[in-house]
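For reference, the structure is listed below as structure tokens.
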Amino acid sequence: MRRASRLFISAALLLGAAVATPSQAGTIYATAFDDIDFFFQVNPEANGDGAYTSNFGHLKIGKNGLANDLPLTAMAGMNGQLVGSQVHQGGEFDYYFHVDPQANGIGGYSSYAGDVRSQNEAGPQFDLPIETMAPLAGELFGSSWNDGFNYFYKVIEQSDGTGAYGDYFGGLTLGEGGEFFGFALDSMASFNGQLYGTAFDGVNDLFFRINRDADGTGAWIDGLGAIDSGSSIHPGRLSAMVGTDDGLYGVSWDETTGSNYFFGITPGLQGYGGDLHGLGGLHITQGGPAGLLPYRINTLAYLPTPGGPIGAVPEPATWAMMIMGFGAVGVMTRRARRKGGLALT
């Protein structure tokens, strides 16, 4: 029964992939993982509650490669380009790469992949997962958690365009020069020239501003407070956040229903914590007739430049890709039966 339901969901997503609607002044992109990576767009609903997906497909290794089987740990929009990171299968180092939407808009692929180094292009391999990435003023910043300590640093692409390295490393402190912040960052995003972060203290989602240290190494936080849902429903631990031209958005995973919440976050009026609004489900298609997306979103990113979404009327090539997609689902199912499992479970 589970196999049949997942195949139905995959078919519905491929059908819905042909129609996309621009969100904000640009596009919100997302990844989710269920044995393989999925790549798609997230569009806030017109009524302000929740969101829906479009242009759903696999994230492939290379333009015509196989579906990626490692979950992304972070993704960001940087100078008109999506970039992502993931941890090597053995957990020893990070990959860094460009994330490119397919030409027909359905799914995407990685390119210019390489490992992540420390401090310079020839430095040692960086052996901690990049937990969060966010752009600010034309630069990309990342964070990593290690034994009760957050590292904060710049993420800089290698000069040949493949891979990246981290530099200007430092800790994340409570106030400038204060004690180290004792909770791992779950997400980081920029909005209106300010970096924001979230963390979970075991009870509440914390929300705060992130400011670079004066010497350029590390960062410090202020405005520390909880995310206030303003209702009896709280979406649970925030798993990803993104800044757009219109505001900050976040997602969280509901273990009970096996689905995502989508909502907006407004920084507190007094500069402390944040207020949640527009809470709703993340549906497969606009208006929710096909149900909720059953895969947990692990990254969100935003490109402010238009042109990513496909128009409302599918082109013949798009229909052809949809038919090929159904065929691919069948092929994976037959292969999985021979191996004793289903690739999309």
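Please determine whether any residue of region 295-307 is assigned to a loop (DSSP other than H, G, I, E, B), under 24 Å from Ala67 (Cβ atoms) and either modelled with pLDDT under 50 or within 25 Å of the chain's Cα centre (by Cα) (or both).
Taking every residue of region 295-307 in turn, at least one turns out to be assigned to a loop (DSSP other than H, G, I, E, B), under 24 Å from Ala67 (Cβ atoms) and either modelled with pLDDT under 50 or within 25 Å of the chain's Cα centre (by Cα) (or both).
From Glu176, Glu139, which residue is surrounded by fewer than 17 Cβ atoms within 10 Å (Cβ to Cβ) and over 28 Å from Pro71 (Cβ atoms)? Step through it out loud before you land on a result.
On the way: Glu139 fails: over 28 Å from Pro71 (Cβ atoms).
Going through Glu176, Glu139 in turn, just one is surrounded by fewer than 17 Cβ atoms within 10 Å (Cβ to Cβ) and over 28 Å from Pro71 (Cβ atoms): Glu176.
May I ask you to list the residues in region 192-215 that are touching an Asp or Glu at 6+ places or on another chain (Cβ under 8 Å), within 19 Å of Ala240 (Cβ to Cβ) and of a type in the set (A, V, I, L, M)?
Of everything in region 192-215, just one residue is touching an Asp or Glu at 6+ places or on another chain (Cβ under 8 Å), within 19 Å of Ala240 (Cβ to Cβ) and of a type in the set (A, V, I, L, M), namely Ala199.
Assess whether Ile130 counts as being under 28 Å from Ser252 (Cβ atoms) and modelled with pLDDT of 95 or more. Working first, answer last.
Values: under 28 Å from Ser252 (Cβ atoms): yes; modelled with pLDDT of 95 or more: yes.
It is true that Ile130 is under 28 Å from Ser252 (Cβ atoms) and modelled with pLDDT of 95 or more.
For every residue, the table says whether it meets (1) at pLDDT 85 or above; (2) within 17 Å of the chain's Cα centre (by Cα); (3) over 23 Å from Asn211 (Cα atoms).
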residue: Gly223; (1), (2), (3): yes, no, no
residue: His234; (1), (2), (3): no, no, yes
residue: Thr244; (1), (2), (3): yes, yes, no
residue: Gly250; (1), (2), (3): yes, yes, no
residue: Thr256; (1), (2), (3): yes, no, yes
residue: Gly271; (1), (2), (3): no, no, no
residue: Val313; (1), (2), (3): no, no, yes
residue: Gly327; (1), (2), (3): no, no, yes
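If you take the residues in region 198-251 that are exposed (fewer than 15 other Cβ atoms within 10 Å of the Cβ) and in contact (Cβ under 8 Å) with a residue 60 or more places away in the chain, which one is farthest from Ala134 (Cα to Cα)?
Going through the qualifying residues, I end up with Asp246.
Which residue is surrounded by the fewest Cβ atoms within 10 Å (Cβ to Cβ), if the candidates are limited to region 142-169 and must be touching a strand residue (DSSP E or B) at 6+ places or on another chain (Cβ under 6 Å), on the phi > 0 side of the Ramachandran plot and among the small types (Gly, Ala, Ser)?
Across region 142-169, the extreme among qualifying residues is Gly161.
In region 43-59, how many are buried (at least 19 other Cβ atoms within 10 Å of the Cβ) and farther than 15 Å from Ala290 by Cβ?
4
The values are calculated or read from the model by the stated rules, or taken from the named source; none is laboratory data. These figures come from a predicted structure and were not determined experimentally. Please note: Cβ atoms are built from the backbone with ideal geometry, for glycine as well, and neighbour counts cover all protein chains shown.
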